[in-house]
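Engineer: So that we are looking at the same thing, I have put the structure below in structure tokens.
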Amino acid sequence: MEMLIALIAILGMGVFYALLAYYLIRLISKKAFRRTITKVETIEILVWLAIVFFGIVMIVKQTWHLLLPVVLLLVSMINLRRSNRKYREMNNNG
């Protein structure tokens with residue numbers, strides 16, 4: 001039972017920090033750079049930050065166990081950029 005509570009707490013903390021980062025990235029881009037970015041661009045920034053974080057952890061711990069999450073994040077990043085490009089082309093042409 002304690003393990004379940006700990007798992008829920010860790011997942012809740014991850015969701016909280018992801019939402020906090022999401023809104024901070026949008027706020028910083030709006031205030032500092034005077035540019036409003038879309039939700040997709042914000043998610044793209046978050047995924048790049050996750051890739052960098054996993055890469056640093058892999059280097060520091062000198063382990064290859066985190067290679068699979070990095071590869072999966074890169075694959076999702078490629079798909080996200082492809083769909084974002086199609087969305088922009090659709091809006092520019094239409």
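No lab work stands behind these numbers, since they all come straight from the coordinates. These numbers were taken from a predicted model, which means no experiment stands behind them. For neighbour counting, all protein chains shown are included, and Cβ atoms are generated from backbone atoms with ideal geometry for every residue, glycine included.
Engineer: Just one of (1) part of a helix (DSSP H, G or I); (2) loosely packed, with under 10 Cβ neighbours inside 10 Å; (3) of a type in the set (A, V, I, L, M, F, W, C) trips up F33, so point out which.
Structural biologist: For F33, the failing item is (1).
Engineer: Here is a check on your reading of the model: is E41 under 26 Å from L74 (Cβ atoms) and either touching a residue at least 40 places away in the same chain (Cβ under 8 Å) or charged (D, E, K, R) (or both)?
Structural biologist: yes
Engineer: Confirm whether V57 is of a type in the set (A, V, I, L, M), without any contact (Cβ under 8 Å) to a residue 24 or more places away in the chain, part of a helix (DSSP H, G or I) and surrounded by 12 or more Cβ atoms within 10 Å (Cβ to Cβ).
Structural biologist: Yes.
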